Amino acid sequence: MGTPVFSWNLLYDFQLMWSYPFMVNAFRAGAIVAVVAGAVGWFMVLRRQTFAGHTLSVVAFPGAALATLAGFSLSLGYFGFCVAAGLVLALMRRGREPGGSEESAATGVVQAFLLACGYLFMALYKGLLEGPQALLFGSFLGITSGQVATLAVAGLAVLLALTVLGRPLLFASVDPQVAAARGVPVRALSVTFLVLLGVATAEAAQITGALLVFALMVLPAATAQVLTARPGLSLLLTVVLGFAVTWAGLVAAFYWPYPLGFFVTSFAFGLFLLAHVARSTARALERRRDASGAALAGGAA
Amino acid sequence: MNPVVAAEPQHNAEQQDPASAPLPESGAGADLETSGQAAPVLRLRGAAVRVGGRTLWSGVDLEVRAGEFVAVLGPNGVGKSTLVKVLLGIVPAAEGEIRVLGRRPGEAGSRVGYLPQRRSFDPDLRIRGVDVVRMGLDGDRWGVPLPWSRNRREQEQRVDEVIELVGASAYAHRPIGQCSGGEQQRLLIAQALVRRPEVLLLDEPLDSLDLPNQSAVAALIGRICHRENVAVVMVAHDVNPILHHLDRVVYIAEGGAVCGPPSEVVNSETLTRLYRTPVEVLSTQDGRLVVVGQPEAPAVHTDRHTGHHHHGHGDRRAG
Ligand SMILES: Nc1ncnc2c1ncn2[C@@H]1O[C@H](COP(=O)(O)OP(=O)(O)OP(=O)(O)O)[C@@H](O)[C@H]1O
Ligand SMILES: [Mg+2]
């Protein structure tokens with residue numbers, strides 16, 4: 001395909017990219033994954049379950065490696081392993097509050113063991129076609145329409161579940177005791193959420209690779225939560241930011257010879273830093289205004 | 001007439017507002033009293049509770065009517081919070097019959113308001129106080145609220161109203177993790193009140209409030225209790241701030257409960273026996289009670305409480 005050059009004429013650039021079917025699929029898959037990972041990630045950050053999320057994302061690696069080794073569908077490897085690991089984590093954290101510190105050791109055990117399994121599967125599969133690198137750091141080349149369809153179906157299921165469960169899940173995440181007293185099934189929601197987290201991680205891992213899942217699961221949510229404390233707005237902002245960094249990353253990876261995961265993560269990280277700068281500036285301005293307001297009031301008195 | 005009730009003579013005389021009166025008790029065992037008062041809102045008969053194979057208390061009988069303010073007192077770890085959880089249906093009772101608003105515990109849903117003990121939010125939690133209060137209103141519903149739904153404005157008004165009522169308007173729009181412990185506590189009281197419950201179960205709501213705020217919040221709860229005919233069960237460590245709002249005291253100790261009007265339970269002999277440390281109860285001229293511990297042994301308070309809780313009661317007065 002030669003080396004395409006970014007022209008700064010976005011319309012022209014997009015026309016060029018959309019003329020390659022693999023790019024169309026990459027953009028579609030990226031959009032689905034960004035929205036799903038963003039929405040689920042927002043709840044994960046709020047519930048302080050990022051370690052569980054990290055474990056599930058690491059589990060994506062042995063899943064994919066086993067699928068390659070045993071010769072079954074890569075999607076099945078990703079989804080099967082992540083959802084199963086989500087259920088295992090749910091089982092281990094029975095009777096505990098979300099975000100409790102005791103769970104991290106058990107979660108870490110699962111993570112280390114499965115990562116080792118992934119390494120074993122890689123070693124057993126001598127032919128290293130794609131190499132572990134794509135599984136760990138992602139690739140947007142060669143996403144098939146079938147894969148996009150699978151991502152879309154799984155993603156829609158997750159979003160639908162979140163729409164129905166969202167409000168009680170928020171209640172149970174922020175205030176589990178009162179939610180339980182109100183009849184919210186806190187425990188069942190916690191299990192369901194880990195399954196949703198498994199599906200979302202499996203989706204994201206197929207684009208960003210197992211290790212950079214957090215670029216889409218944590219960074220947009222953390223950025224949005226820096227910018228606003230309104231739950232609805234913050235969730236919306238998360239999804240928009242995730243979508244923006246993914247597409248920007250795809251464009252960058254198309255035109256420049258560096259990996260997609262690097263671009264997506266750097267953009268997301270850049271926005272996160274910007275959000276912090278913006279908030280500090282806003283605070284400083286507010287303080288100065290307060291101070292000058294007080295001075296004015298003092299002068300008038 | 002005991003001096004505590006005399007301090008606020010209007011509240012027991014107040015008649016029930018028919019609109020907010022609890023539904024009559026259904027099924028077996030509904031016994032309306034002949035005095036014209038409604039059936040009890042809360043009733044425990046021969047109740048016992050076991051956690052981890054250990055019986056915390058047993059043979060507890062208690063009836064609380066609409067508009068009654070009941071304090072639950074007792075040393076640490078006797079099962080005060082567990083009593084509240086039994087009433088909520090979170091912890092099952094091992095024995096006895098328990099009725100909340102005429103139903104089994106846990107079945108009365110939003111007609112019961114609950115404030116758990118000592119909750120504080122993660123400083124990083126980026127959710128505003130109003131959102132937490134709002135969750136008390138509709139957080140347990142499935143699905144998403146439609147932005148154009150008709151009762152949305154009503155709900156927002158209700159949230160604002162209840163935040164105003166507890167005096168939390170100034171900080172309700174800040175992230176709740178950044179509010180002080182006392183500010184969070186007020187917002188949580190608002191959350192418990194937002195659905196206009198008929199029963200309020202408050203587990204140490206005055207904890208982490210300073211003295212002026214303790215009496216302000218106690219007065220607020222007393223007002224809601226007596227004006228709006230809400231049955232209040234409040235677990236407390238310090239009786240002084242609530243003493244002159246109270247109708248009844250339940251004292252849990254030694255595997256059972258003593259229940260009665262404050263003058264009978266909050267007296268020198270009973271408290272000294274129950275706390276196993278000398279406690280003196282004085283009555284002031286205007287008919288209020290003052291609980292006085294020995295200066296060297298903070299009586300009503302316990303080891304777990306630190307800081308501002310750690311001074312004797314000798315220099316403090318109820319109200
Ligand atoms: N889930 C549980 N499993 C085992 N024991 C429990 C459980 N919950 C509470 N307990 C025990 O039951 C006893 C009563 O607990 P509870 O929280 O009701 O005490 P409390 O009277 O509220 O005390 P405090 O004044 O400290 O709040 C304690 O000894 C506690 O250790
Ligand atoms: Mg307690």
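Please treat every number below as a calculation from the coordinates, not as lab data. From a predicted model like this one, the values you see are computed outputs, not experimental measurements. Note that each Cβ is placed from the backbone with ideal geometry, even for glycine, and that neighbours are counted across all protein chains shown.
Some points to look at:
- The gain in end-to-end length when the A:LEU87 to A:ARG48 segment is fully stretched comes to 12.3 nm, 0.36 nm per residue minus the alpha carbon separation.
- The distance separating the Cα centre of the stretch A:170-184 from that of the stretch A:203-257 comes to 28 Å.
- Counting every pair of alpha carbons in the stretch A:10-214, the share spaced more than 26 Å apart comes to 35 percent.
- Net dipole in debye of the stretch A:10-214 [+1 Lys, Arg Cβ; -1 Asp, Glu Cβ; about Cα centre; nearest 20]: 420
- Neighbouring partner chain Cβ atoms per residue of B:125-137, average, 10 Å criterion: 5
- Of the trypsin sites (Lys or Arg not before Pro) found in the stretch B:107-175, those that fall in a DSSP loop while having at most 15 other beta-carbon atoms within 10 Å are B:ARG118, B:ARG141, B:ARG150.
- Contour excess over end-to-end distance, with Cα ends at A:ALA149 and A:ARG287 and 0.36 nm allotted per residue: 44.6 nm
- Dividing the convex hull volume of the alpha-carbon atoms in the stretch A:128-282 by its residue count gives 130 Å³ per residue.
- Estimated inter-spin distance, A:SER73 and A:ALA116, nm [label 7 Å along Cα→Cβ]: 3.2
- Here's the picture: a label point sits 7 Å out from the Cα of B:GLU228 along the beta-carbon direction, and within the stretch B:238-273 nothing has its amide nitrogen under 15 Å of it.
- Estimated [θ] at 222 nm from DSSP helical runs (n ≥ 4, -39500 (n - 2.57)) normalised by residues in chain A, nearest 500: -27500 deg cm²/dmol
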